[in-house]
Amino acid sequence: MDLHGEVALVTGAARGIGQATAEKMGALGAAVILADMDLEGAEAGALSIEGAGGRAMALRMDVREAEDWEYAVETTLERYGGLHILVNNAGFDRPGNVQKISLDDFRAVLEVHLISCLLGIKAATYAFEEAGRGAVVNVSSLYAKIGGQGEAAYTAANAGILGLTKSAARDLAKLGVRVNCVLPGLTDTPAIREMMSDKVKRKLLAETPLGRMAQPHEIASVIAFLCSSEASFVTGATWEVSGGWNM
Ligand SMILES: NC(=O)c1ccc[n+]([C@@H]2O[C@H](COP(=O)([O-])OP(=O)(O)OC[C@H]3O[C@@H](n4cnc5c(N)ncnc54)[C@H](O)[C@@H]3O)[C@@H](O)[C@H]2O)c1
């Protein structure tokens with residue numbers, strides 16, 4: 001894989017899967033914009049990429065805001081002269097089962113996961129058209145396929161991402177833009193360390209043939225592959241990176 005000459009914008013890049021993706025893409029030669037609400041974390045990631053000889057910048061943005069997307073794409077074009085890769089990765093969770101979850105929580109999760117993907121694709125497509133090519137990876141979750149118990153909003157938002165990915169893949173193919181989706185299984189990130197009890201982790205790992213969590217770089221490798229020319233005939237695909245969970 002080689003991403004020299006590519007410019008990549010990765011959301012939720014201050015930590016976890018997003019940070020690992022930014023680092024992977026930087027190591028493969030892309031100039032990387034690490035976008036996150038957590039500017040300090042994004043700056044640390046950018047410094048680490050630059051320290052390893054890559055090109056990177058940090059940007060504070062809220063993926064729910066259309067204006068932030070416009071600013072992010074403009075800033076990217078000014079700084080690096082183009083945009084070729086978009087990774088919609090930012091996420092968070094408001095657990096709750098279908099009986100108990102509040103409408104506010106449900107809407108909040110939809111906004112951060114699903115609506116942000118639409119805003120990102122809309123904002124980036126202008127730059128992709130200018131470049132004559134583009135690759136998008138939307139990060140969903142395996143829960144999109146199997147349903148998460150007590151995770152009504154998260155599951156619905158991530159299932160929506162699968163549909164949006166396929167529609168966007170069809171709509172943008174004529175512009176030379178590929179759109180794919182990655183569905184991680186349980187991955188060892190700050191979010192999981194903060195939110196998931198050991199009991200739930202043990203249950204999920206018992207259902208995972210490889211019997212362990214993914215490390216963020218294992219998800220990042222697949223995202224980078226899908227964004228690279230090595231995946232030039234892959235679009236509208238949903239890639240499970242789950243250690244065999246859901247076979
Ligand atoms: N870790 C897992 O097991 C797992 C499994 C399946 C899917 N995923 C998905 O992978 C993605 C990354 O997960 P992670 O575990 O690395 O999470 P994380 O919480 O460790 O990192 C998420 C990042 O997104 C940022 N973010 C949240 N809301 C934002 C907003 N409105 N605007 C900008 N940035 C925002 C946070 O500041 C944080 O840096 C998420 O979409 C998540 O749903 C994770």
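Values as computed for the structure displayed
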{"quantity": "Which listed residue, of 68, 2, 62, is farther than 26 Å from residue 218 by Cβ, touching a residue at least 12 places away in the same chain (Cβ under 8 Å), open to solvent by 10 Å² or more (accessible area, probe 1.4 Å) and outside any strand (DSSP E or B)", "calculated": "62"}
{"quantity": "Residue in the stretch 73-87 that is within 10 Å of the ligand (Cβ to nearest atom), touching a residue at least 60 places away in the same chain (Cβ under 8 Å) and not β-branched (Val, Ile, Thr) present", "calculated": "no"}
{"quantity": "Matching entry among 153, 168, 191 (being in a helix (DSSP H, G or I) and open to solvent by 20 Å² or more (accessible area, probe 1.4 Å))", "calculated": "191"}
{"quantity": "Matching residues in the stretch 88-123 - criterion: being touching a residue at least 60 places away in the same chain (Cβ under 8 Å), of a type in the set (D, E, K, R) and either closer than 23 Å to residue 9 by Cα or away from the ligand (no atom under 16 Å from the Cβ) (or both)", "calculated": "93"}
{"quantity": "Total residues in the stretch 208-247, condition of a type in the set (S, T, N, Q) and either open to solvent by less than 30 Å² (accessible area, probe 1.4 Å) or in contact with a strand residue (DSSP E or B) (Cβ under 7 Å, 6 or more places away or on another chain) (or both)", "calculated": "6"}
{"quantity": "Looking only at the stretch 20-34, and only at residues there that are farther than 11 Å from residue 56 by Cβ and open to solvent by 20 Å² or more (accessible area, probe 1.4 Å), the one that is nearest to the chain's Cα centre (by Cα)", "calculated": "24"}
{"quantity": "Among (1) open to solvent by less than 20 Å² (accessible area, probe 1.4 Å); (2) over 17 Å from residue 85 (Cα atoms); (3) under 15 Å from the mean Cα position of the chain (by Cα) - the single one residue 162 does not satisfy", "calculated": "(1)"}
{"quantity": "Search result, residues across the stretch 194-214 that are in a loop (DSSP other than H, G, I, E, B), more than 17 Å from residue 16 (Cα to Cα) and of a type in the set (A, V, I, L, M)", "calculated": "210"}
{"quantity": "Counted residues, the stretch 132-150 - those being on the phi < 0 side of the Ramachandran plot, surrounded by fewer than 19 Cβ atoms within 10 Å (Cβ to Cβ), of a type outside the set (S, T, N, Q) and away from the ligand (no atom under 13 Å from the Cβ)", "calculated": "1"}
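The values are calculated or read from the model by the stated rules, or taken from the named source; none is laboratory data. This is a predicted model, so every value here is computed, not measured. All Cβ positions, even for glycine, are placed from backbone atoms using ideal geometry, and neighbour counts span all protein chains on display. Surface accessibility is based on the protein's heavy atoms, side chains included, excluding ligands, DNA and RNA. Shrake-Rupley method; radii C 1.70, N 1.55, O 1.52, S 1.80 Å.
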